[in-house]
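Below is one structure, written out as structure tokens, with a few remarks after it.
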Amino acid sequence: MKKLVGGNWKMNCTLETFKETKDISVSRDCCVDVFIAVPYPYISQFSKYMNECIKIGAQNVSKFDSGAYTGEVGAKMLAEYGVSYVLVGHSERRQIFSETSNDINTKLKCALRHGLRPVLCVGEPENERIAGSHIDFIRKQFGESVVGLENTSIDVAYEPIWAIGSGKTAQLPEIEEALQLIRKLMLESKISGRVIYGGSVTAVNARDLSKANGCDGFLVGNASCNKDFQKIIDAAS
Ligand code: PGA
């Protein structure tokens, strides 16, 4: 399977961000899949600005298929607008919008039902890391999120919360330990797919981070909103 590099623009962008990143590309024979998860209103604009080798991603999806759910956007709508990848369970959704692993499980099923490729995000907060309970935390979070997903294929991003947007990238042994655990849990749950790392990945550290054993790519926040994203794609490939 190809490596995967995803960008997550969060709510940190404007239409100007497309102009800044419009030349980002992936060579035809390249061994990496690339997507950028943009805010909903930008999805229909995406192909106007971006190179066609960059796939469209969404940052969230409703846990409902359709109905009277004001403010929600369903997986079928995303698929109709050409979205390929969708982030599910990002820590900002879990923490700020109180999404539970049960919600995330329902979202994963909605996404898969409509042909989207979900990127499930898991990762521990700093207190769990300090207490040395991060392994149990990740195991529980992953297990609850993937109930009933046997024999499916999804990608999983390990994103320690303390590394997101903090400039405090996880160390290679920490990343390798978590990626190895997630791969084992995926095998046990009969789930296939890639395991990637996210949390303060930059144009400067991407080359070193890509040496982490078992790292199939990156999920990138801040550094995906500018030309640095190209350097990260190149480092992963
Ligand atoms: P960051 O964000 O690269 O800015 O740390 C990563 C993420 O939130 O996915």
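Using the count of nearby Cβ atoms within 10 Å as a rough guide to exposure, how do Lys10, Lys63 rank from fewest to most?
Working: Lys10 18, Lys63 21.
Ranking Lys10, Lys63 by Cβ neighbours within 10 Å, fewest first, gives Lys10, Lys63.
Work out how much length Lys227 to Glu144 would gain on full extension: take 0.36 nm times their residue separation and subtract the Cα-Cα distance, in nm to one decimal.
Working: separation 83, 0.36 × 83 = 29.88 nm, distance 3.68 nm.
Answer, rounded to one decimal: 26.2 nm.
In the chain, the DSSP-assigned H stretches of four residues or longer account for a calculated mean residue ellipticity at 222 nm of -10000 deg cm²/dmol, using -39500 (n - 2.57) per stretch and the full residue count as denominator. For Lys3, the lysines whose Cα comes closer than 23 Å to its Cα, not counting residues fewer than 8 places off in the same chain, are Lys22, Lys55, Lys184, Lys190, Lys211, Lys227, Lys231.
Take each peptide in 107-116, 75-84, count the other Cβ atoms within 10 Å of every residue, and average; sorted highest first, the result is 107-116, 75-84.
Expressed as a rounded percentage, what relative contact order does segment 1-131 have, with Cα pairs under 8 Å and six or more residues apart?
Working: 192 pairs, mean separation 26.9, N = 131.
Normalised by residue count, the contact order of segment 1-131 is 21 percent.
Centre-to-centre, using Cα atoms only, segment 91-145 and segment 51-67 are separated by 18 Å. The relative contact order of the chain, computed from alpha carbon pairs under 8 Å that lie at least 6 residues apart in sequence, is 22 percent. Label separation (Ile96 vs Asn127): 2.1 nm, computed from points 7 Å beyond Cα along the C-beta direction.
Charges at C-beta only: +1 for Lys and Arg, -1 for Asp and Glu. How large is the resulting dipole of the chain about its Cα centre, in Debye rounded to 20?
On the way: 28 positive and 28 negative charges, 86 e Å.
Result for the chain is approximately 420 debye, rounded to the nearest 20.
For Lys107, a cut-off of 16 angstrom between C-alpha atoms picks up these lysines, skipping any fewer than 8 places away in its own chain: Lys63, Lys76.
Laboratory data are not the source of any read-out in this text; all were calculated from the coordinates shown. Quantities reported herein were computed from a predicted structural model and do not represent experimental measurements. So basically every Cβ, Gly included, is an ideal-geometry build from the backbone, and we count neighbours across all protein chains shown.
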